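Every read-out reported here was derived from the displayed coordinates using simple, explicitly stated rules and does not represent laboratory data. This one's a predicted model, so the numbers in the text were calculated from it and none came from an experiment. FYI the Cβ positions are ideal-geometry reconstructions off the backbone, even for glycines, and counts take in every protein chain you see.
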Amino acid sequence: MATYEMTVSVRTQYLPEQSDPERTNFVFTYSITIKNTGTVAAQVISRHWVITDANNHTEEVRGLGVVGHQPLLQPGEHFEYTSGTALQTQQGSMYGEYFCVAEDGHRFEAPIPEFVLSLPRTLH
């Protein structure tokens, strides 16, 4: 029986050299790995993000592909990319989903678990 599943993992990083805390601009990157953990080849067609800062300001982003690609992943294959976002606060979060189509025409969503964007903590 066919299974349709993509597993998503995320790594984040704060970019102090691109941020301007005096103007409440905090820039983060996130590196995503999308792995086809199903049994059928599938293509990532589009994405939907929900980005929320510490002031509870929410922005939704939708678009085709990921960083200009619509990767077709065979079972066991993965695709990695890095993108970024700017927040007006030192902390926020993101979550969403990828919309995928399997080679047999089945459509499914791959959830992107919520992750935190935050300045690294320093010890004094």
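Note that segment 33-43 has calculated 3J(HN,Hα) couplings of 10, 10, 10, 7, 9, x, 10, 10, 4, 8, 10 Hz, one per residue in order, obtained from phi through the Karplus relation 6.51 cos²θ - 1.76 cosθ + 1.60 (θ = phi - 60°); glycine and proline are x.
Checking every one of the GluC sites (Glu not before Pro) in segment 23-124 against DSSP loop status and a limit of 14 other Cβ atoms within 10 Å picks out E77, E103. Along its principal axes, segment 48-117 has C-alpha extents of 43, 20, 19 angstrom, given from the largest down. Full extension of the chain between V50 and Q91 gives 13.3 nm of extra length, using 0.36 nm per residue less the Cα-Cα distance. Compared with the direct C-alpha span, the chain from N25 to E109 gains 27.1 nm at full extension, assuming 0.36 nm per residue. In order along segment 94-102, phi translates into HN-Hα couplings of 9, 7, x, 7, 9, 9, 10, 10, 6 Hz, rounded to whole numbers, per the Karplus curve 6.51 cos²θ - 1.76 cosθ + 1.60 with θ = phi - 60° and x for Gly and Pro. Net length available on complete extension from E17 to T82 is 21.7 nm, with 0.36 nm assigned per residue and the Cα-Cα distance removed.
Each principal axis of the Cα cloud of segment 84-124 was taken in turn, and the coordinate range along them, longest first, works out to 57, 20, 13 Å. Across q = 0.09, 0.19 Å⁻¹, the chain modelled as identical point scatterers on its alpha-carbon atoms has Debye log10 I(q)/I(0) values of -0.29, -0.98, in the order of the q list. Give the distance, in whole Å, between the Cα centre of segment 36-51 and the Cα centre of segment 79-120. When both Cα centres are located, 10 Å separates them.
Let me know the charge dipole size of the chain about its Cα centre in debye, to the nearest 20, where only the beta-carbon of Lys, Arg (+1) and Asp, Glu (-1) is charged. That gives the chain a dipole magnitude of about 120 debye.
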